[in-house]
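First up is the structure itself, then whatever we jot down about it.
The values are calculated or read from the model by the stated rules, or taken from the named source; none is laboratory data. Predicted, not measured: the structure shown is a model, and the values here were computed from it. Reconstructed Cβ throughout: ideal geometry from the backbone, glycine too, with neighbour counts over all protein chains shown.
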Amino acid sequence: MEYRSLGRTGVQVSPLCLGCMNFGAKTPETESFDIIDAAIERGINFLDTANIYSRGISEEVVGKALQRNGKRARIVLATKVHGPMDDDDPNAWGNTRRHIIEQCEASLKRLQTDYIDLYQIHRPHTATPIDETLRALDDLVRAGKVRYIGCSTFAAWQVMESLWVSKELGLNRFVTEQPPYHLLDRRIEREMVPLAQSYGIGIIPWSPLSGGFLTGKYKRGEARPENARWAKSGDGHFVDAAFDVVEALEEIAEEKNATATQVALAWCMSKPGITAPIIGPSSLAQNEDNLGALDVTLTEADHEKLDAVAEPGRAIVPYYRADFGPYKHRW
């Protein structure tokens, strides 16, 4: 396993991050334990979850799994805060000091740990000044409850603003950003990647398989599989240009005796500025398939073939973001 620095921290993480969103909800607890154990055995030392995932259930499962296998000390454990944790309380969401401090304490209990390695702001929130958010996070770092801080789905200008505020106020700064990034949406290559490379920000892409579309489960001109992620939605994916990408992945995969999933993840891992794409398996079989990407190496010719159907810096499918309702707001 070739480990990578987490931003400019010097902390070493695996080139794939195990996303735990499905654990305890879509994926039963016992199978979730097995997935975590299998990933760690393969060399994965980076786990990512969030308080909003099944309203804390994912964190609880991850906490139980690490207590069960005794591997907490070797894991770089990341979680996030922002989404609503109560349907009736208007203060139970967002990036305020009140919510961040409260939810950090709750996450620590659910994860059964004394500290969080990487505590991330799940989405920007323009109604809360960034200095309030950063001061709260800085207090958590100084208290020893959080080691490093990061953000997710921030625009490049918002990350830059946060770095400026941290410098001006002498606060701990974001060391990572989690953006959506995959072959069907390469827009972060325009600004976010150069920013990250210049200022020591680790990029941890979410949805590197575009919600499962890049696995090849959807076929041009065929009915969509029942119970699949985009079975009844995501129509923007079902265009010829997107299927051109999938078919190019499948051609490369056949040459390498791999799967389209593994080639798509290997592509993401190999791009400049990328620290660790987040995989989100919901079963042991998916986990095994995802981890197989660690054994796939792409050539310059492979990259050129994919660039020909997925233009650098551009997007083929509409940009989508998870809706953290019930409070409707713009990020």
Verdict on SER14 being buried (at least 19 other Cβ atoms within 10 Å of the Cβ), without any contact (Cβ under 8 Å) to a residue 40 or more places away in the chain and small (Gly, Ala, Ser): no
Matching entry among ARG123, ARG190 (being of a type in the set (D, E, K, R), within 30 Å of LEU265 (Cα to Cα) and surrounded by fewer than 16 Cβ atoms within 10 Å (Cβ to Cβ)): ARG190
Selection status of GLY144, surrounded by fewer than 19 Cβ atoms within 10 Å (Cβ to Cβ), at pLDDT 95 or above and in a loop (DSSP other than H, G, I, E, B): yes
Filtered residues of the range 284-294 (kept if closer than 9 Å to ILE35 by Cα and under 18 Å from the mean Cα position of the chain (by Cα)): ASN287
Residue pairs meeting the criteria (Cβ under 8 Å; at least 6 apart or on separate chains; first farther than 15 Å from ASP289 by Cα, in the range 247-261; second surrounded by fewer than 16 Cβ atoms within 10 Å (Cβ to Cβ)): GLU247/ARG220; ALA248/ALA308
Any pair with Cβ under 8 angstrom, 6 or more apart, that starts in the range 153-170 at a residue that is outside any helix (DSSP H, G or I) and ends at one that is surrounded by fewer than 18 Cβ atoms within 10 Å (Cβ to Cβ): THR153/ARG321; THR153/TRP331
Verdict on LYS80 being among the charged types (D, E, K, R) and within 18 Å of LEU291 (Cβ to Cβ): no
Condition check for THR176: within 25 Å of GLY56 (Cβ to Cβ), of a type in the set (Ser, Thr, Tyr), at pLDDT 95 or above and under 19 Å from the mean Cα position of the chain (by Cα): yes
Test: residue in the range 61-74 that is within 22 Å of PRO179 (Cα to Cα) and surrounded by fewer than 17 Cβ atoms within 10 Å (Cβ to Cβ): no
Of the criteria (1) at pLDDT below 95; (2) within 26 Å of CYS20 (Cα to Cα), which one VAL239 fails: (2)
Given (1) under 16 Å from the mean Cα position of the chain (by Cα); (2) of a type outside the set (Ser, Thr, Tyr); (3) more than 17 Å from HIS182 (Cβ to Cβ), index of the condition ALA301 fails: (1)
Neighbours by Cβ (under 6 Å, 6+ apart or cross-chain): first from the range 276-293, touching a residue at least 24 places away in the same chain (Cβ under 8 Å); second among the polar types (S, T, N, Q) and not in a helix (DSSP H, G or I): SER282/ASN22; SER282/THR27; ASP289/THR259
One residue from GLN103, GLN178 being out of contact with any helix residue (DSSP H, G or I) (no Cβ under 8 Å at 6 or more places or on another chain), crowded, with 18+ Cβ neighbours inside 10 Å and more than 21 Å from VAL13 (Cβ to Cβ): GLN103
One residue from THR30, THR49 being of a type in the set (S, T, N, Q) and under 23 Å from CYS104 (Cβ atoms): THR49
Unmet criterion (only one of (1) more than 20 Å from THR176 (Cα to Cα); (2) touching a Leu at 6+ places or on another chain (Cβ under 7 Å)) for LEU77: (1)
Residue tally, condition part of a strand (DSSP E or B) and out of contact with any Lys or Arg (no Cβ under 9 Å at 6 or more places or on another chain), over the range 1-16: 2
Index of the failed condition, GLY43 passing every other in (1) on the phi > 0 side of the Ramachandran plot; (2) modelled with pLDDT under 95: (2)
The range 212-228, residues that are crowded, with 20+ Cβ neighbours inside 10 Å and under 17 Å from LEU265 (Cβ atoms): GLY212, PHE213, LEU214, THR215
